[in-house]
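One structure is given below, encoded as structure tokens.
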Amino acid sequence: MSSLYGVDVLTSAFRSNQGTASTLVRLIRKDAEIIARKTDDPIKIMTFCGTHEWSVSHFGLRSLMPPSVELVAGPGCPVCVTPSEDVENLVKLAGEGVIVYTYGDGLRLPTTRIGGNAARSLQEAKVRGASVRTVYSFLDAMRDAKTHGKDSVFFGMGFETITPSYSTVFKKGMVPNNLSFLSSVKLTPAAAKMTIGLYKEKGLSLRGVIAPGHVSAVIGAKEWEFLPNEFGLPTVISGFEPLDVLYSIAEVLRMIRESKTELVNEYRRLVTWEGNESAKKANRIVFDEEETGWRGIGSIPNSGYRLNQHFGETYDVEKVFGLKQTATLPLESDIPPICKCGEIVLGITKPTGCPMFGKACTPDRPWGPCMVSAEGTCRVWATSNGVSTPFAGENS
Ligand code: SF4
């Protein structure tokens, strides 16, 4: 990747700040050493945003960590956790002549249960002649649906960051009646709570959390208070540039060294305590929270958005086309055979622990959901090398 506003700018900014980076790394190593004198426990820190994992991998931040510090990616990729059933339903609708709109990642997302000669993704359905259209935004789909006036459906994936782009146009009555909505919107604090609860239950060590910056810009920093308060975990809401992430790691280690559990907002240039009030209000007007299925993880209470009754009557894909979105599908039926995405999104297994990684599953031909999106841990590792040295891959 190479662009004026992309990697090269970030890489050169990181390089030009090598003094700051070196200071932060020195602090991290010093604090890790002090902590290691008190306990042999590894210092496992979890990120809850795929873009953090991208920064960690792309800029080789793991290679700068002392051996006792382990950075793991949690369920921070919305594409990875979108249930197979949602794609299966859309493949079915596309086969029946309904126009399906999706982001590029949704196009390539593989299903699990469709067998025989049926299309295994929306991309395959499109190749076979179904009307599947890739869009950059919900607005693009709205404009197109208004123009043709035919039955159509939008694949509404994403975390809290993207939700206001849906709710504001529903609230303003701008969505055409022939465009229904399949909501696969997921809410991250509920998944974080479930993941950390699982770590506690299984006796797995977790010492700190780096919370998602962009999600927090919408929901507000206060939504992460439960991490230090209920789980005793030092937590830093972090931006995504390599210095942001290094600083956040240093903050987590400082708190562990000082035996403090606080919530630190490193991303103050974007994240406020309350979040974006108008976006949250639009979400409240349009959506209801509900129990929803997270692919590879299972069902989590209050972890998704569904159009409420007022908007659902006209737009909810279930009501319009009589489909079913099941919150409680058995886990093993939602992940393709052999794929270890269920363990990878929980940070229990690394991509290299999957026998398919880089062999039968590659970014060009993803077998499992974690290899599809630029935020998916398997794809990040396949394209950036999760253990690379600093600046590795900058010319890719
Ligand atoms: S490498 Fe592919 S098959 Fe293996 S866990 Fe990752 S996405 Fe699943």
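What's the total number of residues in segment 95-112 that are among the small types (G, A, S) and surrounded by 24 or more Cβ atoms within 10 Å (Cβ to Cβ)?
Number satisfying all stated conditions: 1.
Rundown of residues vs (1) more than 7 Å from the ligand (Cβ to nearest atom); (2) among the polar types (S, T, N, Q); (3) under 17 Å from T51 (Cβ atoms), yes/no style:
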site: P336; (1), (2), (3): no, no, no
site: C339; (1), (2), (3): no, no, no
site: I348; (1), (2), (3): yes, no, no
site: R379; (1), (2), (3): yes, no, yes
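Which residues, counting only those in segment 127-137, are closer than 16 Å to K150 by Cβ and in contact (Cβ under 8 Å) with a residue 24 or more places away in the chain?
Those that are closer than 16 Å to K150 by Cβ and in contact (Cβ under 8 Å) with a residue 24 or more places away in the chain: A130, S131, V132, R133, V135.
Taking segment 138-159 only, how many residues are in contact (Cβ under 8 Å) with a residue 60 or more places away in the chain and within 19 Å of the chain's Cα centre (by Cα)?
Residues meeting the conditions: 4.
To keep it simple, each residue is scored yes or no on (1) out of contact with any strand residue (DSSP E or B) (no Cβ under 7 Å at 6 or more places or on another chain); (2) within 20 Å of V320 (Cα to Cα).
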{"position": "L93", "(1), (2)": "no, yes"}
{"position": "L107", "(1), (2)": "no, no"}
{"position": "R113", "(1), (2)": "yes, no"}
{"position": "F159", "(1), (2)": "no, no"}
{"position": "P164", "(1), (2)": "yes, no"}
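Which residues, taken from segment 312-334, are within 16 Å of the ligand (Cβ to nearest atom) and either surrounded by fewer than 20 Cβ atoms within 10 Å (Cβ to Cβ) or at pLDDT 95 or above (or both)?
L331, E332, S333
Mind listing whichever residues of segment 350-366 are within 26 Å of L198 (Cα to Cα) and more than 7 Å from the ligand (Cβ to nearest atom)?
Of everything in segment 350-366, those that are within 26 Å of L198 (Cα to Cα) and more than 7 Å from the ligand (Cβ to nearest atom) turn out to be K350, T352, G353, P355.
Would you check which residues across segment 367-377 are within 10 Å of the ligand (Cβ to nearest atom) and crowded, with 24+ Cβ neighbours inside 10 Å and list them?
G368, P369, C370, M371, V372, G376, T377 - these are the residues of segment 367-377 that are within 10 Å of the ligand (Cβ to nearest atom) and crowded, with 24+ Cβ neighbours inside 10 Å.
Taking G304 as meeting all but one of (1) buried (at least 20 other Cβ atoms within 10 Å of the Cβ); (2) touching a strand residue (DSSP E or B) at 6+ places or on another chain (Cβ under 7 Å); (3) farther than 20 Å from S84 by Cβ, write down the number of the exception.
(3)
Residues are listed down the side, and each one gets a yes or a no for (1) within 28 Å of P369 (Cα to Cα); (2) touching a helix residue (DSSP H, G or I) at 6+ places or on another chain (Cβ under 6 Å); (3) aromatic (F, W, Y):
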position	(1), (2), (3)
L24	no, yes, no
E53	yes, yes, no
S63	yes, no, no
V72	yes, no, no
C77	yes, yes, no
V81	yes, no, no
N89	yes, no, no
A94	yes, yes, no
D105	yes, yes, no
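Does R120 meet the test of being in contact with an Asp or Glu (Cβ under 9 Å, 6 or more places away or on another chain), of a type in the set (K, R) and modelled with pLDDT under 95?
no
Is there a residue being farther than 26 Å from V91 by Cβ, within 16 Å of the ligand (Cβ to nearest atom) and not in a loop (DSSP other than H, G, I, E, B) anywhere in segment 292-300?
no
The values are calculated or read from the model by the stated rules, or taken from the named source; none is laboratory data. Just so it is clear, the model here is predicted, and its values are computed rather than measured. Neighbour counts are summed over all protein chains in view; Cβ atoms, including those assigned to glycine, are modelled from backbone coordinates with ideal geometry.
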